[in-house]
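**Student:** The structure's right below; bear with me while I get my questions together.
Just so it is clear, none of the values below were taken in a lab; they were calculated from the coordinates. Keep in mind it's a predicted model, so treat the numbers as computed, not measured. Quick reminder, even Gly has a Cβ in these numbers, built from the backbone with ideal geometry, and neighbours come from all protein chains shown.
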Amino acid sequence: MAHRPPARAAASAAALVVLLAGAAAGSFAIGASGTADPPGMAGTIGAHDGDLTAEDVDAIVRHGPWPVAFEPDRSNRASGRPAAVALGRRLFVDTGLARTGTVSCASCHRPELGFTDGRARGVGIEGLDRNTPSLLDARLQHWFGWDGGSDSLWAFNVRPLLDPREMGADAVRVARRVAAEPGLACLYREAFGAPPGAAPADRVLVDAAKALAAFVETLDSGRTVFDDFRDALARGEPPAQAASAAGYPADATRGLRLFVGRGRCNLCHLGPQFSNGEFHDIGRPFMAAPGRPDPGRLGGIRAVLADPLNLLGAHSDDASRATAVRTRHVAATHRNFGEFKVPTLRGLSRTAPYMHDGSLSTLRDVLRHYSELDVDRLHSDGEALLVPLRLTPRETDELLAFLATLSTPSTARGSVAAGSAELPGTVGAADSLGTVGAADSPRTAAGRASGEACPTGP
Ligand code: HEC
Ligand code: HEC
């Protein structure tokens with residue numbers, strides 16, 4: 001467990017103790033109920049949902065409501081501003097920023113793959129050490145990168161621009177590109193109130209990263225059938241009725257009960273985003289290459305403290321520095337070595353392969369990891385959060401059925417579907433986004449409208 005778990009994590013850990021006490025007292029039917037099903041009942045709606053206890057329902061309701069309302073990032077004056085969103089959307093697909101002219105953010109963060117790339121590890125100008133994470137719902141995080149090496153979305157965005165293996169640019173190149181391309185220059189002026197040529201290159205680089213952040217903040221994953229089920233439970237509907245109204249499958253309900261119960265998954269994958277936003281060692285290997293370990297969170301803490309763009313630095317637009325509380329208090333200890341960020345579990349159906357190094361190809365492989373876990377590999381000085389689960393094949397299928405419901409768009413009327421982004425100039429991406437059935441989030445739509453006065457496309 002991370003050293004300073006947020007209050008939310010502590011509260012949920014307390015809830016878990018209650019849950020486990022319930023299990024010990026025999027109020028849980030996990031495992032036993034699975035075998036009691038009549039043949040052919042798996043997947044039917046409403047079967048055995050009555051098995052959810054009040055404690056289960058309470059734990060499930062904590063994974064919402066969804067979506068989480070937008071709040072502007074006070075450290076980024078461009079956050080939530082339509083002109084900045086429009087500029088960020090253009091920059092996101094602009095290969096002209098890269099040293100080689102061949103790579104853009106969208107090369108690795110492909111909309112049709114939930115803003116991932118389908119590879120084990122990202123490849124830009126050269127290959128990277130880590131898996132490309134989804135950008136959907138990124139606005140809800142407070143540490144960025146698998147190691148949390150940045151404390152804001154905008155500070156993170158500078159890294160891929162400059163990293164020689166990703167886009168290999170420098171401040172001067174980015175500033176020149178923004179000033180030279182009429183559409184970008186026009187949007188920059190609208191977003192930041194002055195032409196890019198008037199500011200020093202470093203400033204334009206950071207502003208470009210802030211506009212990219214304003215755009216990434218509009219990437220919401222949309223409501224799922226899980227959210228419909230959860231909301232019905234939150235309204236106090238009986239589980240069987242809630243499941244049938246939401247179209248929530250019975251095997252997924254059993255998987256969900258395992259998730260919040262015996263599986264103890266929500267010890268770390270908690271809250272609406274199914275992540276506590278912190279860092280843990282779950283016993284995955286952490287070699288970036290033979291003989292070269294990936295230090296994970298230990299390196300991330302050192303990086304964020306040394307970063308001139310961190311929230312304590314001069315580039316934050318939050319004069320109060322209230323947003324910098326976590327940064328001020330974070331400190332590295334040796335146990336952070338090999339810890340990685342707890343990822344969201346929403347939208348996983350499009351984001352394989354999994355884990356910080358893309359070392360597991362399927363969700364079945366992930367569950368096998370948790371089932372067969374090598375406890376000797378785990379940090380000896382940490383709390384024993386994980387035990388090998390020894391899942392039966394049926395339990396594995398039920399957990400998979402549950403995880404799938406976190407990717408299945410809600411069918412409720414008026415619900416905003418997943419992947420609600422449309423990118424200019426990427427025909428393939430825009431096309432496949434259409435098939436997701438995307439409705440625009442208001443911020444995305446406002447961003448597009450705002451760019452209308454500026455010239456389009458280089
Ligand atoms: C070569 C592939 C590649 C390119 C190009 C790329 N990214 Fe990424 N992105 C990654 C990888 C890999 C990570 C994980 C990095 C890490 O953990 O160190 C990542 C992480 C991120 C994150 C952190 C997400 C999180 O949940 O922590 C953000 C935000 C992000 N990228 C935005 C961008 C933006 C904006 C651009 C363009 C300026 C960009 N990326 C270009 C591969 C890429
Ligand atoms: C101790 C905290 C913790 C617990 C408990 C936990 N996880 Fe995780 N989970 C993590 C971390 C950390 C990672 C990323 C590890 C890495 O990349 O090396 C992860 C990764 C995952 C992933 C891969 C997601 C992706 O995008 O790559 C899935 C799926 C997942 N966990 C599901 C579960 C399930 C199901 C359970 C319960 C059986 C569970 N987790 C229990 C911390 C936890």
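**Student:** So if we plug the beta-carbon distance of ASP317 and ARG390 into 1/(1 + (r/R0)^6) with R0 = 56 Å, what FRET efficiency do we get, rounded to 0.05? List each step's numbers first, then the result.
**Tutor:** Details: r = 51 Å, r/R0 = 0.91.
For ASP317 and ARG390, the calculated efficiency is 0.65.
**Student:** What does the net charge come to around ALA175 if you take all other residues with beta carbon closer than 12 Å to its beta carbon, with K and R at +1 and D and E at -1?
**Tutor:** 0
**Student:** Additional query: Which net charge results for the neighbourhood of ASN310, defined as the other residues with beta-carbon distances under 13 angstrom from its beta-carbon, given Lys and Arg at +1 and Asp and Glu at -1? If you can, show how the numbers build up before the last one.
**Tutor:** Working: positive: ARG159, ARG302, ARG321, ARG326, ARG328; negative: ASP151, ASP307, ASP318.
Here the count lands on +2.
**Student:** What's the Kirkwood radius of the stretch 74-125 in Å, using all Cα pairs? Don't skip to the end; give the middle numbers.
**Tutor:** On the way: mean 1/r = 0.0809 Å⁻¹.
One over the average 1/r among Cα pairs gives 12.4 Å for the stretch 74-125.
**Student:** Which semi-axis lengths, in whole Å and largest first, follow from the square roots of five times the eigenvalues of the Cα gyration tensor of the stretch 78-180?
**Tutor:** Values: eigenvalues 76, 65, 36 Å².
One finds semi-axes of 19, 18, 13 Å for the stretch 78-180.
**Student:** Pairs of alpha-carbon atoms within less than 8 angstrom and 6+ residues apart define the contacts here; what relative contact order does the stretch 269-408 have, in percent?
**Tutor:** Numbers: 156 pairs, mean separation 40.1, N = 140.
Answer for the stretch 269-408 is 29 percent.
**Student:** Please list 55-62, 387-394 highest first by mean number of surrounding beta-carbon atoms within 10 Å per residue. Don't skip to the end; give the middle numbers.
**Tutor:** On the way: 55-62: 19.9, 387-394: 13.9.
By packing density, highest mean first, the sequence is 55-62, 387-394.
**Student:** For the peptides 86-94, 106-114, what is the packing order when you average, over each peptide's residues, the other Cβ atoms within 10 Å and list the highest mean first? Working shown, then result.
**Tutor:** Working: 86-94: 26.6, 106-114: 22.0.
With the highest mean Cβ count within 10 Å placed first, the list reads 86-94, 106-114.
**Student:** Could you tell me how far the Cα centroid of the stretch 84-136 sits from the Cα centroid of the stretch 220-293, in Å?
**Tutor:** When both Cα centres are located, 27 Å separates them.
**Student:** How would you order 125-133, 222-230 from highest to lowest mean count of nearby Cβ atoms within 10 Å? Don't jump to the answer; show the numbers that get you there.
**Tutor:** Values: 125-133: 17.4, 222-230: 24.3.
Packing proxy ranking, top to bottom: 222-230, 125-133.
**Student:** Expressed as a rounded percentage, what relative contact order does the stretch 196-283 have, with Cα pairs under 8 Å and six or more residues apart? The partial results should precede the final answer.
**Tutor:** On the way: 29 pairs, mean separation 11.6, N = 88.
Answer for the stretch 196-283 is 13 percent.
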